[in-house]
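The values are calculated or read from the model by the stated rules, or taken from the named source; none is laboratory data. Every value quoted in this text rests on a predicted model; they were computed, and no experiment measured them. Glycine also receives a Cβ, built like all others from the backbone with ideal geometry; neighbour counts cover every protein chain displayed. Ligands, DNA and RNA are excluded from the accessible area calculation, which covers all protein heavy atoms including side chains. Shrake-Rupley method; radii C 1.70, N 1.55, O 1.52, S 1.80 Å.
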Amino acid sequence: MADETNRRPLPATSWAVLGLLSFGEELSGYDLKKWSDRSLRFFYWSPSFSQIYSELKRLEQAGYASSRTVAQETGTRDKRVYRITGAGMAAVRAWARETPADPPVLKHGPMLRLWLGHLLEPEQMRELLLQQQEFAETMRLRAVADEADVEDGAEWPYPALTLKWAERYYTSERDLAAAMLDDIEALTGASGEQP
């Protein structure tokens, strides 16, 4: 889908930010960052503040979002809030319905280290896998907590399903790390030496 303003395809970050706005709320850049941290980070990535503000500017130029300044209490800066436009809703709907989904790209640091296991001591590999288990369990628990928050509002069924997927994904990732620990043990044997 092309940005009608400059006829270039919008980057994935634009569609992610526009997608956050599609839930029908007026949001500040801070709100968008908070929402992306509680949803997008589990399955895509959470854009930085600078990325969010750059994309909001791009979306406004394309006519897909509008903004206004909201006065704050005395002594604090006014804030700018953004809302999706009708054209933006049509564009993100068309993108979600018509653009083929890219296949997932696995960029997995622990797996890369495992691949280079012949350069590590077995104990280093075990420690790396234990850290991966801990990371996966932490992410799983965060997804569960965020899912509970989302389920309170019946108007968010698909974000809740996405968080359920994230919970299952990180459960699997945690369990894979545990299985790899068993495999490392079998590979190195009782002596703990490299094969």
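Once neighbouring chains are kept in place and the probe is 1.4 Å, which whole percent of the accessible area of the chain is contributed by carbon and sulfur? Show your work: numbers first, answer last.
Values: 6870 of 12450 Å².
That fraction is 55 percent.
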key: Most positive-pole-ward Cα, LEU106, ALA65, LEU20, against dipole of the stretch 1-109 from beta carbon charges   = LEU106
query = For the stretch 42-105, what's the radius of gyration and Dmax over Cα atoms, in angstrom?
reply = 15.3, 49
inquiry  = Using a 7 Å offset from Cα along Cα-Cβ at ALA90, what residues in the stretch 19-62 end up with backbone N under 15 Å from the label point?
reply    = 62
ask   = Using a cut-off of 25 Å between alpha-carbon atoms, which lysines can reach LYS164, once sequence neighbours fewer than 8 places away in the same chain are excluded?
value = LYS33, LYS34, LYS107
ask   = Along its principal axes, what span do the Cα atoms of the stretch 83-166 show, with the longest given first and each in whole Å?
value = 58, 31, 19
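Which value, in debye to the nearest 20, describes the size of the charge dipole of the stretch 9-76 about its Cα centre when Lys and Arg Cβ atoms bear +1, Asp and Glu Cβ atoms bear -1, and nothing else is charged? Could you put the intermediate results ahead of the total?
Values: 7 positive and 7 negative charges, 40 e Å.
Using Cβ point charges on Lys, Arg, Asp and Glu, the stretch 9-76 gives about 200 debye.
Which value, in debye to the nearest 20, describes the size of the charge dipole of the chain about its Cα centre when Lys and Arg Cβ atoms bear +1, Asp and Glu Cβ atoms bear -1, and nothing else is charged?
Details: 23 positive and 30 negative charges, 226 e Å.
In debye, rounded to 20, the chain gives about 1080.
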ask   = Rg and Dmax of the chain, Cα atoms, in Å?
value = 21.4, 69
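Add +1 for every Lys or Arg and -1 for every Asp or Glu among the other residues with Cβ under 14 Å from the Cβ of ARG174, and state the total.
On the way: positive: ARG140, ARG142, ARG168; negative: GLU134, GLU137, GLU167, GLU173, ASP175, ASP182.
Charge balance near ARG174 sits at -3.
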request  = With no solvent and one equal point scatterer per Cα, compute the Debye intensity ratio I(q)/I(0) for the stretch 1-102 at 0.11 Å⁻¹ and report its log10, rounded to two decimals.
outcome  = -0.32
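Accessible area per residue, 1.4 Å probe, Å², for the stretch 69-195: what's the number? It would help to have the intermediate numbers written out before the result.
Working: 9040 Å² over 127 residues.
Per-residue accessible area for the stretch 69-195 comes out at 71 Å².
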